[in-house]
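Peer 1: Just dropping this structure here.
The values are calculated or read from the model by the stated rules, or taken from the named source; none is laboratory data. Every value quoted in this text rests on a predicted model; they were computed, and no experiment measured them. When we count neighbours, we look across all protein chains shown, and the Cβ atoms used for this are built from the backbone with ideal geometry, even at glycine.
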Amino acid sequence: MRQNAVMFKTRELSFEGIVTMPDGSASSLPGVVICHPHPLFGGNMDNNVVLAVSFALVEQGFVTLRFNFRGVGNSQGEHSKGELEYQEALAALDMLGAWPGVNGRRLGLAGYSFGTGVILGNADLQKRARAIALISPSSRNLAHTPLKASKQPKLIITGDRDRLAPDPQLQSLLASFSHPPIFQVVAGADHYWVGQEDELSRQVSDFFLEHLK
């Protein structure tokens, strides 16, 4: 496994990230951009869930890019409550799609908590990904997302002890999707996934394996 610190730009702002890829020199690998949880509550690209998903995907032959949203770490700009963060997510997809060895036509997008809100709120961002995984999304963001009308494969995964994204509320929204997502509930997991990272990352990597490889 190799990790490369990177910087990329959009709208005059610079953002920091880490590209992680398998050892060797394989080509035409699928890639996944991972969006971290809420910056105002300590969320960043080194979050336990973000790291677990990234490393599990790399073990399965993916290249991943995790990055810090605006105002986090060495990324420039100020937090915008999710309104502008889609811009750096789009730029991250551009960077990963152009990375040596990555097949730019086989890109996925994953988000955790706040990161799912960024994905769910922007149709242009959604269209750039062939498959989307949403970890602990809020029912509020799911209720009004343009993703409801999309055909690409989608995974929603949450814990049965998650008080911020309760299973019953999420499940009731699935019928409003024209192409319903795969919906998984992990027993014993809460919103923070401590101690459940392996099960979570296994299910997320299995989803992307099926739809991107």
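Peer 1: Counting residues that are farther than 18 Å from residue 133 by Cα, touching a strand residue (DSSP E or B) at 6+ places or on another chain (Cβ under 8 Å) and in contact (Cβ under 8 Å) with a residue 24 or more places away in the chain, which strands (runs of 3 or more DSSP E) fully inside the stretch 7-83 reach at least 3?
Peer 2: Values: elements: 13-21, 29-35, 63-67.
Result: 13-21.
Peer 1: Condition first: among the charged types (D, E, K, R), out of contact with any Gly (no Cβ under 7 Å at 6 or more places or on another chain) and under 19 Å from residue 119 (Cα atoms). Now tell me which residues in the stretch 47-81 satisfy that. Lay out the reasoning, then the answer.
Peer 2: From the stretch 47-81, those among the charged types (D, E, K, R) are 59, 66, 70, 78, 81; that's our starting set.
From the residues that got through so far, the ones that are out of contact with any Gly (no Cβ under 7 Å at 6 or more places or on another chain) too are 59, 81.
Within the stretch 47-81, 81 is the sole residue that qualifies.
Peer 1: Of 97, 101, which residue is surrounded by fewer than 23 Cβ atoms within 10 Å (Cβ to Cβ), at pLDDT 95 or above, on the phi > 0 side of the Ramachandran plot and not hydroxyl-bearing (Ser, Thr, Tyr)?
Peer 2: Within the list 97, 101, the selection yields 101.
Peer 1: Shifting gears a bit: Pairs please, first residue from the stretch 86-101 and more than 21 Å from residue 145 (Cβ to Cβ), second anywhere and assigned to a loop (DSSP other than H, G, I, E, B), Cβ atoms under 8 Å, 6+ apart in sequence or on different chains.
Peer 2: 101/25; 101/26; 101/27; 101/28
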